Amino acid sequence: MQRGEELYSGKAKSVFLTEDPARLVLEFRDDTSAFDGQKVDQLDRKGMINNRFNAFIMEHLEAEGVATHFDALLSDNESRVKRLDMIPAECVVRNVATGSLCRRLGVEEGLDLVPPTFEFFLKNDELHDPMINEYHIASFGWASSAEVESMKAQTFRVNEILRKLFADGGMILVDFKLEFGRFDGELLLGDEFTPDGCRLWDADTRKKLDKDRFRQGLGGVVEAYEEVALRLGVDLEATIAG
């Protein structure tokens, strides 16, 4: 499948049309950014690691009964995905307090959250992704009440599946964001799941293994992403079928 015209280019990914109107090509670039683009860099191999990492996670979720937009790896940096009608609400689950939750609520970093928290954020870079609730979603018609309940249920199911997966690799899934979209009347998990969009800590040392290494100037960003992938058994060197 050949990629055609660029449909969208974000901070670290680009989306391209294909000859099939129901399919897109998702390209993971080496770009990385933080603080709404105030801090940017190019990190060699990051796009390749994130592409293969995302494919591994999506395939694992599919095997556990979570429907996703992922179809197949196309190359080191590209995947074929279903073209979704995206819902502009990010679903965020937090298992451990850190980041904006600590700043907003004045709670101690590292506090285990039992049960996990759930929050909605509007996907809008210009507005800095403000927090929203179910009433906003209903009032502005972003999703139906049934879709809202489905997004919440699927997000908690993903949390259950991936907490175990990462725990088996000696890691804590601290928090993450998910996005969903419609495809042929079904609500599917879309976008990506990589260390760019979640927080992961080593279970013993609580060493950060995610994008916070870039945000906080800790260094070793790509090396941390690679470590996470290898702990999960992601084959970063496997040949991709044409």
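Okay, here's what the table says:
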item: Magnitude of the charge dipole, the chain, Cβ model with Lys/Arg +1 and Asp/Glu -1, debye to 20; result: 480 debye
item: The chain: calculated mean residue ellipticity at 222 nm from DSSP helix runs of at least 4, using -39500 (n - 2.57); result: -9000 deg cm²/dmol
item: Quarter of the Cα convex hull surface for the stretch 85-220, i.e. its orientation-mean projected area (nm²); result: 9.2 nm²
item: Residue of I172, I57, I132 that the Gaussian network model of the chain assigns the largest fluctuation, springs spanning Cα pairs under 10 Å; result: I132
item: Reciprocal mean inverse distance between Cα atoms of the chain - Kirkwood radius, Å; result: 18.5 Å
item: Fewest-first sequence of V81, V92, V66 by Cβ atoms within 10 Å of each Cβ; result: V66, V92, V81
item: For the chain, with +1 on Lys and Arg beta carbons and -1 on Asp and Glu, the positive-most of S75, V221, L111 along the dipole; result: L111
item: Max mean-square fluctuation residue, GNM over the chain, Cα-Cα springs under 10 Å, options L105, L178, L209; result: L105
item: Whole-angstrom gap from the stretch 78-129 to the stretch 167-220, using each part's C-alpha centre; result: 10 Å
item: If the convex hull is drawn through the Cα atoms of the stretch 6-82, its volume per residue in Å³; result: 98 Å³
item: Which of T68, T18, T239 has the fewest Cβ neighbours within 10 Å, and the rest in rising order; result: T239, T18, T68
item: Net +/- balance of residues flanking E64 in space, Cβ distance below 14 Å, scoring K and R +1, D and E -1; result: -1
item: Nearest-20 debye value, the stretch 85-220 charge dipole, Cβ charges on Lys, Arg, Asp, Glu; result: 500 debye
item: Choice from L111, L74, L17 showing the highest fluctuation, given a GNM over the chain with Cα pairs closer than 10 Å; result: L111
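Computed from the coordinates by the stated procedures, all read-outs in this text should not be read as laboratory data. Everything quoted here is computed from the prediction, not taken from an experiment. Counting neighbours? That spans all protein chains shown, and the Cβs are built from the backbone with ideal geometry, glycine included.
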